[in-house]
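First comes the structure, then the notes that go with it.
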Amino acid sequence: MDGITIVFAVVAALLVFAIAAAVVGREAHRLDAVAPRAVYQLDEAVDFVCDRLPESSQARLTPGEVEQLLVFHMRWLHEQGLQPDRVVDQPQSITEPVVLTEDALTAYLIGEAEANDIELLDDVDAVNVVEAHLEYFEAIGAVGPPAPLDDVL
C-alpha cells in the first residue's frame, strides 16, 4: 500500500465516524425531548393488581371484577384528560397540572361498581384495587411526581 491509499483510508474512517456521531447525537437529542412511552396492558395490569391485593380482597374479588374496576379507572382518567385518544410521540407539554386524589378515584369506582352490578362486599376492596393499580402505573413509568400538599383539593 502506498501513502495515498493510507491517507484516503484514514480520512474515510474519520468521515464515517463523524457522520455516525452526528446521527447518534441527533437521535439522542430527539429522543430526549420525547416523553418516555408508558405502555399499559390490561391483562398485565390485572395480574399485577391481583397479585398485590391483600388475601381478604383476593377472596372477595374475581379477576374479572378487578378487570372491570381497572377499566372504570382508565375511563375516569380519560375523563380527567389524562389518557390520550391515541398514542403519539410528542414532547411533554403539560400546561396545567392535574392533581387527582385516591379518595376521589375510590369514590368513583364504588359508584361505578354499584351502577354496573359489581358487588363490592367491602369498600376497602376498592381502596386496595386503587392502591395496587397506582403501583402498576408507577412500575411502568406512567406516574408523575407527587403533588405538594397545598395543591391537593
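The values are calculated or read from the model by the stated rules, or taken from the named source; none is laboratory data. Predicted model only: the values in this text are computed from it and were never measured. Every residue, glycine as well, gets a Cβ built from its backbone with ideal geometry; the counts of neighbours run over all protein chains shown. The area values use the complete protein model at the heavy-atom level, side chains included, leaving out ligands, DNA and RNA. Shrake-Rupley method; radii C 1.70, N 1.55, O 1.52, S 1.80 Å.
Computed from the C-beta positions of M74 and A28 and an R0 of 35 Å, the FRET efficiency is 0.60 to the nearest 0.05.
Computed from the C-beta positions of T62 and A107 and an R0 of 22 Å, the FRET efficiency is 0.50 to the nearest 0.05. Rolling a 1.4 Å probe over the protein heavy atoms leaves H29 with an accessible area of roughly 130 Å².
Applying both filters, DSSP loop and at most 15 other Cβ atoms within 10 Å, to the chymotrypsin sites (Phe, Trp or Tyr not before Pro) of region 1-84 gives Y40.
Overall, the accessible surface of region 29-76 at a probe of 1.4 angstrom is composed of carbon and sulfur to the extent of 50 percent.
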